[in-house]
Structure formats: structure tokens, C-alpha cells
Amino acid sequence: HIIDDISQYIDMCAFRALPKHYTEALKSGGSVFQFASTLLAGPVDIEGSFQKLNDVLDATNHKLLITLQDVDRGTGDENEKRLNDIAALLDRLKNRDLSHINFIVA
């Protein structure tokens with residue numbers, strides 16, 4: 001519920017205006033794979049959204065740690081797709097200045 005938490009300090013309407021499936025993924029508390037696949041599947045500018053979120057976190061002096069756990073669980077084909085999706089997302093984000101967002105992949 002990062003959007004709800006930050007909205008206590010500043011207006012988060014721009015993030016609430018994201019497509020419903022995207023904001024629901026952020027609030028779902030479900031698996032990180034559901035979250036990641038939602039990010040990769042939608043027409044949302046993922047890099048831009050992470051940059052905007054980083055800017056908000058910077059302005060509010062907050063940090064966000066995204067933990068992707070148990071990424072190696074599942075069948076062979078499932079694992080390969082999941083790992084490729086995660087690698088693609090992280091590769092797309094590596095040249096961004098996301099100083100307030102960190103990832104742990106385990």
C-alpha cells in the first residue's frame with residue numbers, strides 16, 4: 001500500500017490515475033510475480049512510472065525496497081519466463097536514476 005502510505009504526505013492522484021489493474025497489483029499484497037507481470041503486460045510507461053515514483057520518494061524523503069523472493073519456484077518453462085521477465089524489467093530500469101528504489105532478487 002505504498003501509494004496509500006505516501007498519500008498521507010502528498011497528493012498521489014497521478015499514481016491513482018494509473019490503469020486499474022496496475023494500481024490493484026500495487027495494493028494486492030499478492031505474489032511479486034503477479035505484480036511484475038502486471039508491470040510488464042500493460043501499456044503503462046514502466047520506466048516513467050518508476051521515475052515518477054522515485055521523484056515522489058525523493059521529495060518525501062522515503063525509500064522503497066522491492067523484494068522479489070522465491071523467483072526460482074515453479075516448473076522449468078515457468079521459471080525461465082519469470083526470470084526473463086524480471087531481468088527485462090531490471091534491464092530497462094538500470095539506466096534510470098532510481099536512488100530511492102532498490103530491488104532484492106532472491
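The values are calculated or read from the model by the stated rules, or taken from the named source; none is laboratory data. Here the structure is a predicted model, which is why all the values come from computation and not from measurement. Glycine gets a Cβ as well: all are built from the backbone with ideal geometry, and neighbour counts include every protein chain shown. For the accessible areas, the whole protein counts, side chains as well, though only heavy atoms, and no ligand, DNA or RNA atoms are used. Shrake-Rupley method; radii C 1.70, N 1.55, O 1.52, S 1.80 Å.
So the values come out like this:
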quantity: Residue list for segment 64-79, restricted to those being out of contact with any strand residue (DSSP E or B) (no Cβ under 9 Å at 6 or more places or on another chain) and surrounded by 13 or more Cβ atoms within 10 Å (Cβ to Cβ); calculated: G74, N79
quantity: Residue check, V71 at pLDDT below 90 and over 18 Å from A106 (Cβ atoms); calculated: no
quantity: Filtered residue count, segment 80-101, keeping only those that are open to solvent by 30 Å² or more (accessible area, probe 1.4 Å) and either over 27 Å from I6 (Cα atoms) or not basic (K, R) (or both); calculated: 13
quantity: Inter-residue pairs, beta-carbon under 6 Å, first of a type outside the set (S, T, N, Q) and in segment 95-106, second modelled with pLDDT under 90 and open to solvent by 60 Å² or more (accessible area, probe 1.4 Å), 6+ apart; calculated: A106/Q69
quantity: Any hit, segment 15-28, residues being closer than 17 Å to N102 by Cα and either modelled with pLDDT of 60 or more or surrounded by 14 or more Cβ atoms within 10 Å (Cβ to Cβ) (or both); calculated: yes
